[in-house]
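Student: The structure that follows is given in the form of C-alpha cells.
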C-alpha cells in the first residue's frame, strides 16, 4: 500500500453555539413599566393643569390682591390714625369725609387711595351716633376676579368703628343662563 497518498483532511465541523437562554417575561417588569407610564401621564396632566391655572387672568388677579394685602392694610392703618387724630381734635366727632382728613392735614391725599395699581379710593361711611363697634367705617372697593369663566371671587378690606381691620372674601359660581328655562320650555 502506498503511503504517499494524501487523503483530504476533514475539517472539524463546529455547530454554532446555542442561542442564549431567553429571559423569562416577568410580570413585575410589565407592572413596573405600566406604573412608570402612569406616572409620566400624571405628571403631564399636572403640568397642563398648573399651566392653565397660572395663565388664568382671574387667578393672576387673586395673586395680585394677596400680594397687595399688607400694603392696603398699612394704608387703612394710616386712615385709622387720621380719623383718631381728627376725633381727638373735634370732640369725638367723625369727619364728614376722608377728604376732610386731608384738608385738616391728618392724612395725605395719597392716603385716600387703597392701592396704587388701581387708583381706587377708600369708601368712607360716617357712622351714626348709635352705630355699633362692628360698623364698617372705611372699606376698599371690592376686587372681583373671575376664574375660568365659572366662578367669581370678591375680596375687600374693612376698617371697623372699633379700629379692627378685617378682610372679607366671597366666592360664588357665576350665574349662567339655561336656554330651556329662559325660553319658557
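Student: On a full-extension model of 0.36 nm per residue, what is the gain between residue 13 and residue 54, subtracting their alpha-carbon distance, rounded to one decimal in nm?
Tutor: On the way: separation 41, 0.36 × 41 = 14.76 nm, distance 7.26 nm.
In short, 7.5 nm is gained.
Student: What ranking, highest mean first, results for peptides 157-164, 28-35 when packing means the other Cβ atoms within 10 Å averaged over each residue?
Tutor: Answer by packing, highest mean first, reads 157-164, 28-35.
Student: Could you give the nm distance between label points at residue 125 and residue 96, where each point is 7 Å from its Cα heading toward the beta carbon?
Tutor: 2.1 nm
Student: On the first, second and third principal axes, largest extent first, how far apart are the outermost C-alpha atoms of region 57-173 in Å?
Tutor: Principal-axis extents of the Cα atoms in region 57-173, largest first: 51, 29, 18 Å.
Student: Can you tell me which of 122-129, 14-21 comes out highest on packing, and rank the rest after it, using the mean Cβ neighbours within 10 Å?
Tutor: Going by the mean number of other Cβ atoms within 10 Å, highest first, we get 122-129, 14-21.
Each value in this text was obtained by applying a stated rule to the coordinates, not by laboratory testing. None of the values given here were measured: they were computed from a predicted structure. Virtual Cβ from ideal backbone geometry, glycine too; neighbours counted across all protein chains shown.
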